[in-house]
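Everything below concerns the one structure shown next.
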Amino acid sequence: MYIRNAWYAAGWCRDFGTELEPRMLLNERIVFYRTTAGQLVAQEDRCPHRLAPLSSGRIEGDNLRCMYHGLLFAPDGQCIKIPGQASIPATVCVRAYPVIERHGVAWIWMGEAKEANDSLIPDFQGPDHPDWSMIPGRMDYRANYQLIKDNLLDLSHIAWVHAASFGGGDATVSESWADMPVTITTIDRGVRVQRWGIDVPMPPYMAASTGLRGDMFNSYDFLIPGIFLLKTMIFPVGTAKELKDGEEPRIKPIFQSFTCQAVTPLTDRTSCYFFGFGPEGDNPELAKVYYDLAIAAFTEDRLMIEAQQEVIDSDPSRRMLPLAMDGAPRRYAGVLAKMQKAEAVHA
Amino acid sequence: MYIRNAWYAAGWCRDFGTELEPRMLLNERIVFYRTTAGQLVAQEDRCPHRLAPLSSGRIEGDNLRCMYHGLLFAPDGQCIKIPGQASIPATVCVRAYPVIERHGVAWIWMGEAKEANDSLIPDFQGPDHPDWSMIPGRMDYRANYQLIKDNLLDLSHIAWVHAASFGGGDATVSESWADMPVTITTIDRGVRVQRWGIDVPMPPYMAASTGLRGDMFNSYDFLIPGIFLLKTMIFPVGTAKELKDGEEPRIKPIFQSFTCQAVTPLTDRTSCYFFGFGPEGDNPELAKVYYDLAIAAFTEDRLMIEAQQEVIDSDPSRRMLPLAMDGAPRRYAGVLAKMQKAEAVHA
Amino acid sequence: MYIRNAWYAAGWCRDFGTELEPRMLLNERIVFYRTTAGQLVAQEDRCPHRLAPLSSGRIEGDNLRCMYHGLLFAPDGQCIKIPGQASIPATVCVRAYPVIERHGVAWIWMGEAKEANDSLIPDFQGPDHPDWSMIPGRMDYRANYQLIKDNLLDLSHIAWVHAASFGGGDATVSESWADMPVTITTIDRGVRVQRWGIDVPMPPYMAASTGLRGDMFNSYDFLIPGIFLLKTMIFPVGTAKELKDGEEPRIKPIFQSFTCQAVTPLTDRTSCYFFGFGPEGDNPELAKVYYDLAIAAFTEDRLMIEAQQEVIDSDPSRRMLPLAMDGAPRRYAGVLAKMQKAEAVHA
């Protein structure tokens, strides 16, 4: 069951231009278009009359015409014209979804419209953020979104999956990820996971030359319904041991990167993964280096996860086996289950 | 449930040559071949022995040999040779279907053979008709035949779907279709739908120059199991108002066209659409113009209907919503339901 | 239900090199690799932790590393390393399958490992046999293995399916197969089928020139779980009638060929067919002729059987109709059913 009362990333704002844009989200067919004023509208992509897709229709000013038999719908979903029929029952309508564009992302609310609360939109530092340079990325998965979520919640996989990309082909860099202990904290609508790499070799994308070492602080929040906000900071060796347990460093790092990601279920077996990953400041050239690295690394994830999905589907009776490394996925599963239960009671 | 006691269009006669021709019809695998005398034979495409397809077999004179283990079948479906076995039980046979070739179409009877009645073959004016020029056309659909049937039963869709083709890109031509009132009559095994377009712009395929106006009389019969017979006639402006209510014009039209079409279910999600559409008289050049126009227009239908089928299949719990424009589909649904009920009682 | 206590052909030995080799067998995902000493290992291709495929992993010496989260497995299937976790429960393991390489084939035991008995490996005369020249062949089927088994158990199909290949296009050669009576004997774990072709034209692949005739003795064993061992011998005309009923000829044939084949179920709708078919002695040139003939003939089988599978799947309610020619398939079905019943009781 998908969480309904949440903002899902439907796409990057730049994906929605002057054409009708159909997207499948949480197994629902939705069509997006912009009004003459540029307001993004999201509606059920299904004419109630004979169930033709409105995305095969035509934008007429602020409204959307079904091009099968000509019904015309206003942005709020109400039908305002039925050819050959004078009166229009209020029941002739399509569902309209609240949409807000923020941080370069089009967020859609999948629950009851009256519950939509824009303070729940995460603090996503997207392509329009002044402090970071990032190229918006997208990857399509043939896998359930839960498998992607679990991948992000346990970064120890970097040791193996990303030996070639984030590890730069150096096992001492990548495999150091497997053994760093993590601190897991439950936060509002999610979990926070933090780890220190003490005196570790710096990842190659942060250091032009190899052989440099540092104390690496890595912290991420994973939030309902699938938002991943991660920062990585490198400090001089010795920084970590001067801090009290659980204390975050307050000094300026030698180097840092930030990545914002969102996983959106399309169907039960397809998902969309949106990501921005880039360096500080206005640095389009380095942003491209980060983007290329992200594509390489996230393709490694995708191939593993899609193969995992195939194995799962070949025998759905097999259960996963929790290990010590699964602390964060397990903690998040608890947060999710509690919220799902609350929605079920509410419904 | 498909109507069984009816003649379905299996194909154009010219489709059936000297080779075995397998066709799926109403979810049944059928193989067609011609005897030495040219008689078209239709049999179940499944050897009763080990269920191999007879369409992978060999025509031997008037008979059909299964090329897996050599059983030989006569045109009536009876097995007449089993290699290595002297006696042939009468139970070793395949179903044979009555087939009649008429109007350039191969009609197949899907019910009990003893019920087959050739007077039920519709008055299809096919490619061999002396008064019309038409090129036989065929289009394959990934959709249930009911969606195609409903499309044909409500021509108000011409206003939207065929704005570019039949409307010639002129909204005043195409959208005039949305508002013409129709007269619906129940006839034997079907419905008749008639409409007048009063002082409307002539469709471009009927008038070489634009700007001409006329009174358009449009009348079609839609018959069990999926036969569509439509004539369109253009008269001088003023003709319509001189006629009594429901009266058909008896004067010669300025221009007229005729189209015969047949929708045949192949499986529950595939259908075949046969059509002839052409001008009067012996006019192969204009027939080609009509044929090209039909391909363009029926492709518009096909894209819409296949998209509609996808939307329906993505959530089969959604029901269609009847509107005023659905009078003819609703009337025909009643005729069909009554006939289905009669067949169910009979069975 | 598949027989479990049997050796299935997983592949030719030469298929398994230094890379991980995933194969689906009896609906189970299995990964093969060789240890440093060259020993072939077969394990469940599914990490118990998060169900990722081990075939996306890495061979490390004699062990196999899951490259999702780094679990390391020994050849016996036991996990010997879990990153970030000191103790390893014995339950963290994958299933390991007994494998024996013999006669050029990698045989895998699909039942309980403790029941594995290498004396049950059939006397397959494979590519490494000193007395025969054969090129190992493989063909993939989109069909259940039972259909292939039944094809091999009734060679009367040669008359029709292989008119062009084994019959060399001469119906007097191929159709002679349809009427030869067969002797069927139940043997240990299978059936033996023998036939004499008395004064028949020699198959073209045995005689360079046409028109030669002989007495052909054809004998094959079909064994659980899908092993086919066939020899064909040509004797001077008159040889057969001098023998007592059921007696095998002891004189040296004019010509003989041998073929060993194995049918392995991959899934319920896919199968793998391994074959060696060649002449006596060290004759690589003639072995190539036989190989090409086998590919041509077995492609004829494959096309027929895949078409048969499609017909079956289009209406699973239809039953096959046993005829006189089905003696051997019927006898083998009895052997198989008895063994399936014994395994079911045992399980």
Open item on the list: Taking loop as defined by DSSP and a crowding limit of 11 other beta carbons within 10 Å, which trypsin sites (Lys or Arg not before Pro) in segment B:204-260 fit?
Closed with: B:Lys244, B:Arg250
- [ ] For A:Asp245, put the label point 7 Å out on the Cα→Cβ axis and report which residues of segment A:182-199 keep their amide N under 17 Å from it.
- [x] A:182-186, A:194-196
- [ ] Please report the Cα spread of chain B along all three principal axes, rounded to whole Å, starting with the longest.
- [x] 78, 48, 35
Task: Above-threshold pairs, the threshold being 23 Å between Cα atoms, out of A:Lys149/A:Lys231; C:Lys149/C:Lys252; B:Lys81/C:Lys244 - done: C:Lys149/C:Lys252; B:Lys81/C:Lys244
Task: Simple label model, 7 Å out from Cα along Cβ direction - A:Leu286 to C:Thr91, nm - done: 4.8 nm
Task: Under the span-like rule (Cα at least 18 Å along the axis, Kyte-Doolittle mean at least 1.0), DSSP H helices of chain A - done: none
TODO: Name the residue, out of A:Ser314, A:Ser156, A:Ser219, whose mean-square fluctuation peaks in a Gaussian network model built on chain A with Cα pairs under 10 Å.
DONE: A:Ser314
- [ ] Quick one: which residues, 5 or more positions from A:Thr270 or on another chain, have an amide H under 5 Å from its amide H? H modelled 1.01 Å from N in the peptide plane, none for Pro or chain starts.
- [x] A:Ala143
TODO: Return the whole-Å distance between the Cα centroid of segment B:318-333 and the Cα centroid of segment B:104-150.
DONE: 24 Å
Task: Amide H contacts of B:Gly278 (H built 1.01 Å from N, under 5 Å, at least 5 apart or other chain) - done: B:Phe258
Open item on the list: Neighbour counts of other C-beta atoms within 10 Å: give me A:Ile234, C:Ile82, C:Ile100 arranged from fewest to most.
Closed with: C:Ile100, C:Ile82, A:Ile234
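Assigning unit charges at the beta carbon (Lys, Arg +1; Asp, Glu -1) and nothing else, what dipole magnitude in debye, to the nearest 20, does the protein assembly as shown show about its Cα centre?
Value, rounded to 20: 1800 debye.
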Task: Selection from C:Met339, C:Thr239, C:Gln78 lying farthest towards where the dipole of chain C points positive, charges on Cβ - done: C:Gln78
Task: For segment C:72-78, Karplus couplings with θ = phi - 60° (6.51, -1.76, 1.60), whole Hz, Gly/Pro x - done: 10, 10, 7, x, 7, x, 6
TODO: Using the number of other C-beta atoms within 10 angstrom as an exposure proxy, rank A:Val263, A:Val335 with the fewest first.
DONE: A:Val335, A:Val263
TODO: Decide, for segment B:15-73, between rounded, prolate and oblate: order the square roots of the alpha carbon gyration tensor eigenvalues as a ≥ b ≥ c, take rounded if a/c falls under 1.5, and otherwise choose prolate if a/b is larger than b/c, else oblate.
DONE: oblate
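Could you work out the mean count of beta carbons from other protein chains within 10 Å of each residue's beta carbon in B:307-318?
5
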Open item on the list: Suppose every Lys and Arg Cβ carries +1 and every Asp and Glu Cβ carries -1, with no other charges. What dipole size does chain A come out with about its Cα centre, to the nearest 20 debye?
Closed with: 900 debye
Task: For chain C, Cys with no neighbouring Cys Cβ under 4.7 Å - done: C:Cys13, C:Cys79, C:Cys93, C:Cys260, C:Cys272
- [ ] Take the alpha-carbon positions of segment A:1-159, form their convex hull, and give its projected area averaged over all directions (one quarter of the hull surface) in nm².
- [x] 11.8 nm²
Task: Added length on full extension, which subtracts the Cα-Cα distance from 0.36 nm per residue, C:Arg330 to C:Arg213 - done: 38.9 nm
TODO: Report the longest stretch of chain A that contains none of the GluC sites (Glu not before Pro) sitting in a DSSP loop with at most 12 other Cβ atoms within 10 Å.
DONE: A:113-246
Task: Value of [θ]222 nm, deg cm²/dmol, for the protein assembly as shown, DSSP H segments ≥ 4, -39500 (n - 2.57) each, nearest 500 - done: -6500 deg cm²/dmol
Open item on the list: I need the shape label for segment A:149-253. Rule: rounded when a/c is under 1.5, else prolate if a/b > b/c, else oblate, with a, b, c from the alpha carbon gyration tensor.
Closed with: oblate
Open item on the list: For the pair A:Gln256/B:Arg138, report the inter-label distance in nm, with labels modelled 7 Å from Cα in the Cβ direction.
Closed with: 6.9 nm
Task: R0 of 30 Å, Cβ-Cβ distance B:Thr186-B:Ile100: FRET efficiency to nearest 0.05 - done: 0.65
TODO: Provide a whole-number value for the mean count of partner chain Cβ atoms within 10 Å of the Cβ atoms in peptide B:88-96.
DONE: 1
Task: D (Stokes-Einstein, µm²/s), Kirkwood Cα radius, the protein assembly as shown, 1.567 mPa s at 4 °C - done: 37 µm²/s
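Each value in this text was obtained by applying a stated rule to the coordinates, not by laboratory testing. Every value quoted in this text rests on a predicted model; they were computed, and no experiment measured them. Neighbour counts are summed over all protein chains in view; Cβ atoms, including those assigned to glycine, are modelled from backbone coordinates with ideal geometry.
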